Amino acid sequence: MHTHPKFLAYYIDAAQVKLTSPAGKETVKNIPTGKLLWFPDETSHALEVNGTADQHVLVIEWKEITHGKIGATNTLRRVILDPAFYLTSQACCDT
């Protein structure tokens, strides 16, 4: 089980995945090549790729970064993309 802040997911390859919610509900989804999904809220799930084909997905997470002095209220929103994390086969399976 892992958690994402709000994020975009672009499926480079088609995939069949089994998602498990924190409550234990399992859902199987067939996602076509080129599908772009937007998740506007924090999302927690476990994910299992079904089949033998590799799954390649570009995931872009929105993270809030605070700048300035401790307690400052100014924030800058930016996209942080770490290709090294998303190009590993374990990226989907960390708990």
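Observations
- Looking only at segment 14-43, residues that are among the small types (Gly, Ala, Ser) and either in contact with a helix residue (DSSP H, G or I) (Cβ under 7 Å, 6 or more places away or on another chain) or loosely packed, with under 12 Cβ neighbours inside 10 Å (or both) come to 3 in all.
- Tyr11 vs. criteria surrounded by 10 or more Cβ atoms within 10 Å (Cβ to Cβ) and at pLDDT below 85: no
- Count - residues of segment 12-34 that are touching a His at 6+ places or on another chain (Cβ under 8 Å) and of a type outside the set (A, V, I, L, M, F, W, C): 4
- Matching strands (runs of 3 or more DSSP E) fully within segment 1-48 where at least 2 residues are under 11 Å from the mean Cα position of the chain (by Cα) and not small (Gly, Ala, Ser): 2-4, 7-11, 36-39
The values are calculated or read from the model by the stated rules, or taken from the named source; none is laboratory data. Here the structure is a predicted model, which means the values were calculated and not measured. In this analysis, Cβ positions are derived from the backbone assuming ideal geometry, glycine residues included, and neighbour counts consider all displayed protein chains.
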